[in-house]
């Protein structure tokens, strides 16, 4: 046996509103003297409002049923005259009003039903869209995981192959010091890769504090010039911010992110005549930003450069920009890229957040 579903709270409230408003308008309809024309005119239009509300809440049936109830309350004599056969010309105005109330109930109920059908279709489409987005997100995560796994395997396979070959040579009796040097170099390469990958997955020391921007820029400038000392690249730093201006965050992480961006710019201008990389700080609308500009030949595949292990460099790991992007995101910001034939600008935004 099928159980009838109990009305929900919203339905009960709507029924209560209709009953209460009907009782109020009935009281005014029969208790207010006819010469109070303004009151009668006002509550007369309330009949229509109640019918429209019922149609909106309960559809076509609701509109017709409440319209019937309203017309009986409005002019029971018209119904009596029609059904008894004693219909006179004095009933005509009442019948016209009754017909109008029915018309409002029917039309409102019809369009209310249409509206509910469209709403249901939209909800179904939204649900289907949400499921599709979840599936796409799941597929995207699987794709990213596949790329991540392939990148890790690629970076580990080569050093392991070299180590395996070196061990085989030692086992065969060869004790050339060059073999041990190669083993040591490949092990260090593996260790460096693991450290960089861990930094991408969980960067810094998670010790946020107020950082003086001028001090941060000075350290990045020193490190970047040291790293690019053998390259013919001019590195400049601009800091128009007030003396002592601070940002709140993990200093080591921010320093690593900016260093990655600057060294990425150094790589971009290698071989370019009068290669230049500039690091500039600024502040606007609650954000502190650091812009790294180079005069290289521009960036290709801008939509992929923040993917782990994606690189166009022969000796690159594809982790520098993803690390920088992760650091910016963790500080409530992001990194934007603007690139053209005359150079590239990476801008890292950090949200103002203080203790």
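Values quoted throughout were computed directly from the atomic coordinates according to the rules given, and no laboratory measurement underlies them. From a predicted model like this one, the values you see are computed outputs, not experimental measurements. Note that we place each Cβ from the backbone using ideal geometry, even for glycine, and neighbour counts take in every protein chain shown.
A few points about this structure:
- Distance between the 7 Å Cα→Cβ label points at residue 176 and residue 125: 7.1 nm.
- A protection proxy built from the mean count of other Cβ atoms within 10 Å ranks the segments 13-24, 64-75, most packed first, as 64-75, 13-24.
- Kirkwood Rh in Å, taken over the stretch 209-351 so that all alpha-carbon pairs contribute: 15.2
- Peptide packing for 168-179, 108-119, 242-253 was compared via the average number of neighbouring C-beta atoms within 10 Å per residue; ordered from the highest value, the list is 242-253, 108-119, 168-179.
- Note on residue 194/residue 284: beta-carbon distance plugged into 1/(1 + (r/R0)^6) with R0 of 35 Å gives a FRET efficiency of 0.35.
- Projected label distance in nm at residue 24 and residue 223, using a 7 Å step from Cα toward the beta-carbon: 7.0
- Cβ-derived FRET efficiency at R0 25 Å, residue 17 paired with residue 110, nearest 0.05: 0.70
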